[in-house]
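The next block holds one structure in the form of structure tokens; read it before the comments.
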Amino acid sequence: PEVQIAILTRRINDLNAPLKNSCEYYTVTWNAYSYLSDLMKKIYLILPILAGIMFGSGGVFVRTLTQNGIDSATLLFLRFSIATLPIVIAILLTDRKLFRIDLSELPLFIVCGICIVGLNLCYNEAINTVPLSLAAVLLSLAPIYVLIIEILLFQIYLYYLLLGLLQVLDGLLLYIFL
């Protein structure tokens, strides 16, 4: 790993020479982190734009693939499988301890998984039946339901709920009338 970091940063002249002591190892590692940090500072503004483009283009793909005979469940399975594969590979390469879960949290994982699958199935059906902009607006109403569930499960103060609800409705009204 030290040689790979050295190649990445291009700050060590002789890559074939072994590292002499731990101080040199930390210098090489720090240079690599510094390089990656500088790189992230340059591209962090692009990431939300890419996320918006990918989210917005999802409806076009869902409609096109549904018209060509792929049902919503198959489409959802393919999308989750394609997304899961790089995440699993990244976790295997970095920290395998992230796969360990506490068995007491297993029911929460199952409920969250069912909710995510249900949300995406409903969103796919909405994309196929209503205009894409309306489907996106309906999906944007999800925070309202989250706020209501928070009151029931976690006894959140009503003030925060109403403040959040007003912000969601304000954004929805801006979207509809502008």
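A compact table of results
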{"read-out": "Residue among Leu134, Leu76 that alone is within 20 Å of Gly59 (Cβ to Cβ), assigned to a helix (DSSP H, G or I) and over 17 Å from the mean Cα position of the chain (by Cα)", "value": "Leu134"}
{"read-out": "Sole residue being touching a residue at least 24 places away in the same chain (Cβ under 8 Å), farther than 30 Å from Gln67 by Cβ and assigned to a helix (DSSP H, G or I), chosen from Val146, Val168", "value": "Val168"}
{"read-out": "Cross-chain or 6+ apart pairs with Cβ under 7 Å, the stretch 83-111 first and of a type outside the set (A, V, I, L, M), then part of a helix (DSSP H, G or I)", "value": "Phe99/Ile91"}
{"read-out": "Residue under evaluation Asn68, criteria (1) touching a residue at least 12 places away in the same chain (Cβ under 8 Å); (2) open to solvent by 100 Å² or more (accessible area, probe 1.4 Å), criterion not met", "value": "(1)"}
{"read-out": "Sole residue being assigned to a helix (DSSP H, G or I), at pLDDT below 85 and either surrounded by fewer than 11 Cβ atoms within 10 Å (Cβ to Cβ) or of a type outside the set (Ser, Thr, Tyr) (or both), chosen from Leu98, Leu93, Leu108", "value": "Leu98"}
{"read-out": "Qualifying residue in the stretch 117-136 (condition: farther than 19 Å from Thr66 by Cα and open to solvent by 80 Å² or more (accessible area, probe 1.4 Å))", "value": "no"}
{"read-out": "Qualifying positions in the stretch 51-103 - more than 14 Å from Leu121 (Cα to Cα) and of a type in the set (Asp, Glu)", "value": "Asp95, Asp102"}
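The values are calculated or read from the model by the stated rules, or taken from the named source; none is laboratory data. Values in this document were obtained by computation on a predicted structure and should not be read as measured data. All Cβ positions, glycine included, derive from the backbone under ideal geometry; neighbour counts span all protein chains shown. Quick note on the areas: whole protein, heavy atoms, side chains included, nothing else; ligands and nucleic acids left out. Shrake-Rupley method; radii C 1.70, N 1.55, O 1.52, S 1.80 Å.
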